[in-house]
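Enquirer: Starting off with a structure, shown below.
The values are calculated or read from the model by the stated rules, or taken from the named source; none is laboratory data. This one's a predicted model, so the numbers in the text were calculated from it and none came from an experiment. We place every Cβ from the backbone using ideal geometry, glycine too, and count neighbours over all the protein chains shown.
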2 protein chains.
Amino acid sequence: MYTTEELILKIEIRLAAIPLNKEPDKLYDPISYTLSLGGKRMRPLLTLMACDMFGGNPEDAIEAAIGLELFHNFTLLHDDIMDNAPLRRGRPTVHIKWNPNNAILSGDTMFALAYRCIANTSSRHLKKTLDLFTKTAIEVCEGQQYDMDFELRQDVTIPEYIEMIRLKTAVLPAAALKIGAIVAGANPMDAENIYRFGENIGIAFQLKDDLLDAFGAEELFGKVTGGDIAANKKTFLYLKSIEKANESDRKKLLEYYKTGSDDKDAKVRKVIEIYKKLDIEIITEKEIEQYYQASLGFLNRIPEKTGDKSILYGFIESLMNRDY
Amino acid sequence: MYTTEELILKIEIRLAAIPLNKEPDKLYDPISYTLSLGGKRMRPLLTLMACDMFGGNPEDAIEAAIGLELFHNFTLLHDDIMDNAPLRRGRPTVHIKWNPNNAILSGDTMFALAYRCIANTSSRHLKKTLDLFTKTAIEVCEGQQYDMDFELRQDVTIPEYIEMIRLKTAVLPAAALKIGAIVAGANPMDAENIYRFGENIGIAFQLKDDLLDAFGAEELFGKVTGGDIAANKKTFLYLKSIEKANESDRKKLLEYYKTGSDDKDAKVRKVIEIYKKLDIEIITEKEIEQYYQASLGFLNRIPEKTGDKSILYGFIESLMNRDY
């Protein structure tokens, strides 16, 4: 078994080897830039961990893993245009540093480069890997569309929100894990269980993100606390509050979420006050715990003899227990 | 051998069977809309023709053919955002009818749907088809980037322009033909020759488009004559004129190409006057003929016993001899 650090190193070495010092530079520079912004490399790491766990050689999964990382970064690039986001990991976004056209086209190229890596999967596992990757890519697009649709809707339900984050954020780590399993030659039931594990843990992660956005310490999280509230994002916390609030608080919430960002700090403070009054922090933690337990249920279904699950457990726990 | 009409019918039937009546509708409606705008279906047709010609069953190439048509339409969708084009085939573009975010995301989804079709190629030919498709997709993006770069450059050379149109428009029909050959199990040399045939004929087509934009009759061509001139597009005609013009005319051309569209009709008329004075129409026709002959040279290298090239000859000739 490899350590997390060993796997991360493999990923960074392979990422650095993608030939991007190419013409036309306005096409390739934004791709280098995006990859250089870093990130946890969670998705490729999950692929290599799963491959290792199921007795495969992580080297055989590295191309697909890199494909997933390229795809993830492509979605960030295009999402940032759509969300008109000025910053990504504290640095100017591509559509700001270059322009929206460059961001569109470099993103498209990155998507194709992702497929170039996926296509390097050994022929025995190519079709399965490719089909899962494409299915996932389409679902991620669907999730992003629902997210944009929800901005304009006042009647979003919690199940709809959960389905949106499942598509937008959870199916990709789930597919990352399953692709590792596929390349390792895992049996279909184990591969399905690792997928369901990833899907549930992915939803738990996103809910944790939502929670930290409102209740995390700004200096640790690296994001402005309350960013979701300032942007009128209808997160689990907001939707649950709307559901639980009395008539007066509900009206206030709806009113706050109509306004722009002039009175950002005051608005964030007032919304969080209502969250606190309604015990939303505790309710969200319970919801997270449910998805976390569900995910562990799927992981536990994979027989111990199959492989050592300890690294995966450790990685997941470190992500779940973060407070930033 | 199938007739062109029979092959077109296969393509339209398969296109109509793509499940697009799906949620979220803002994601899928723009895709249906784009495909419903029609077009010549040239790329999938070339795939099926090549497959047929090399003794394959066009049914085995239909998925890849549809993948190429989806990819082509995806590039149009994103190009229209980048070019800020209001119309496509006489109808509002997606970024106008919906909005730019929808156009970005529906385009991304279309790209993934293209890969879904490509992935349905039989496993024997999958890797080759996939690699050629991805290589081509990246080249098309490079071509679009060069096209945008050239808008800002005053020193574009004719070889640079030819390389740009090779990437932006010629490699896709070339790949379409070669994928048909691959699926038919053609030998690698024949597959390469059909690719080179497509590449050269693709450049000839684009030069013909450039020519018709300046010298075609508007009512036949369906586009405003002189659209390239109005948009300051540095086409072969323009670049050749800059090269051949005397000092005074060269200055005039450079001046005309600095201006916006206030004086569009006058500007188009004046530029075309210079083109006429310099025999640009004849020079361009000669250039087209060179690429046309080069393409036939590659087609002729494919032994007659390999298959009946007559449909391909006929199709190409009809496209070359169009005057709209």
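Enquirer: Which residue is surrounded by the most Cβ atoms within 10 Å (Cβ to Cβ), if the candidates are limited to region B:81-103 and must be in contact with a helix residue (DSSP H, G or I) (Cβ under 6 Å, 6 or more places away or on another chain) and part of a helix (DSSP H, G or I)?
Expert: It comes out as B:VAL94.
Enquirer: Same structure again: Can you spot a residue in region A:48-59 that is farther than 18 Å from A:TYR195 by Cα and of a type in the set (D, E, K, R)?
Expert: yes
Enquirer: With (1) under 18 Å from the mean Cα position of the chain (by Cα); (2) under 23 Å from B:GLY198 (Cα atoms); (3) at the interface with chain A (Cβ under 10 Å from one of its Cβ atoms) as the list, and B:MET110 as the residue in question, which single condition is left unmet?
Expert: (2) is the only condition that B:MET110 fails.
Enquirer: I need the full set of residues from region B:1-35 which are away from chain A (no Cβ under 14 Å), among the hydrophobic types (A, V, I, L, M, F, W, C) and closer than 17 Å to B:ILE66 by Cα, in order please.
Expert: B:LEU7, B:ILE8, B:LEU9, B:ILE11, B:ILE13, B:LEU15, B:ALA16, B:ALA17, B:LEU35
Enquirer: Can you name the helices (runs of 4 or more DSSP H) wholly within region B:143-218 that have at least 2 residues being within 14 Å of chain A (Cβ to nearest Cβ)?
Expert: B:158-165, B:171-183
Enquirer: Scan region B:160-181 and give yes if some residue there is closer than 24 Å to B:ASP80 by Cα, surrounded by fewer than 23 Cβ atoms within 10 Å (Cβ to Cβ) and over 19 Å from the mean Cα position of the chain (by Cα), otherwise no.
Expert: No, the conditions are met nowhere in region B:160-181.
Enquirer: Please go through region A:73-98 and give me each residue that is closer than 19 Å to A:THR169 by Cβ, away from chain B (no Cβ under 13 Å) and not hydroxyl-bearing (Ser, Thr, Tyr), ordered by number.
Expert: If the condition is that a residue be closer than 19 Å to A:THR169 by Cβ, away from chain B (no Cβ under 13 Å) and not hydroxyl-bearing (Ser, Thr, Tyr), then A:ASN73, A:ARG88, A:ARG89 are the ones that fit.
Enquirer: Looking at (1) within 29 Å of A:ASP29 (Cα to Cα); (2) within 19 Å of the chain's Cα centre (by Cα), which is the one condition that is false for B:LEU130?
Expert: The failed condition is (2).
Enquirer: Going through region B:29-83 one residue at a time, which ones are among the small types (Gly, Ala, Ser) and either more than 30 Å from B:ALA230 (Cα to Cα) or touching a Ser or Thr at 6+ places or on another chain (Cβ under 6 Å) (or both)?
Expert: Selection gives B:SER32, B:ALA50, B:GLY55, B:GLY56, B:ALA61, B:ALA64, B:ALA65, B:GLY67.
Enquirer: Of everything in region A:127-141, what is among the basic types (Lys, Arg) and more than 7 Å from chain B (Cβ to nearest Cβ)? Give them in sequence order.
Expert: Result: A:LYS128, A:LYS135.
Enquirer: I would also like to ask the following. In this structure, is A:ILE162 modelled with pLDDT under 95 and farther than 22 Å from A:ASN73 by Cβ?
Expert: no
Enquirer: Kindly indicate which of A:ASP83, A:ASP29, A:ASP25, A:ASP52 is under 17 Å from the mean Cα position of the chain (by Cα) and not aromatic (Phe, Trp, Tyr).
Expert: The unique qualifying residue is A:ASP83.
Enquirer: Let me ask another. Under 7 Å between Cβ atoms, which residue pairs at least 6 apart in sequence (or on different chains) link something in region A:44-59 that is more than 12 Å from A:ILE8 (Cα to Cα) with a partner that is modelled with pLDDT under 95 and in a helix (DSSP H, G or I)?
Expert: A:MET53/A:LEU312; A:PHE54/A:THR306
Enquirer: Identify, from the list B:LEU207, B:LEU253, B:LEU239, B:LEU278, the residue that is under 20 Å from B:PRO159 (Cβ atoms) and out of contact with any Phe, Trp or Tyr (no Cβ under 8 Å at 6 or more places or on another chain).
Expert: None of the others qualify; the one that does is B:LEU278.
Enquirer: Considering (1) at pLDDT 95 or above; (2) farther than 22 Å from A:LEU70 by Cα, say which one A:ARG153 fails and leave the rest.
Expert: (1)
Enquirer: Residues B:LYS286, B:LYS309: which one is modelled with pLDDT under 95, among the basic types (Lys, Arg) and under 18 Å from B:GLY202 (Cα atoms)?
Expert: B:LYS309
Enquirer: Another one. In region A:182-221, what residues are at pLDDT below 95, surrounded by fewer than 19 Cβ atoms within 10 Å (Cβ to Cβ) and touching a Gly at 6+ places or on another chain (Cβ under 7 Å)?
Expert: none
Enquirer: Collect the residues in region B:115-126 that are assigned to a helix (DSSP H, G or I), surrounded by fewer than 18 Cβ atoms within 10 Å (Cβ to Cβ) and either charged (D, E, K, R) or more than 7 Å from chain A (Cβ to nearest Cβ) (or both), keeping them in residue-number order.
Expert: Residue satisfying the conditions is B:ARG124 alone.
Enquirer: Criterion first (in contact with a Gly (Cβ under 9 Å, 6 or more places away or on another chain), over 14 Å from A:PHE111 (Cα atoms) and facing chain A (nearest Cβ under 9 Å)) does B:ILE104 satisfy it?
Expert: In short, no.
Enquirer: Considering B:LYS240, B:LYS305, B:LYS252, B:LYS277, which residue is charged (D, E, K, R) and surrounded by 18 or more Cβ atoms within 10 Å (Cβ to Cβ)?
Expert: After applying the criteria, what remains is B:LYS240.
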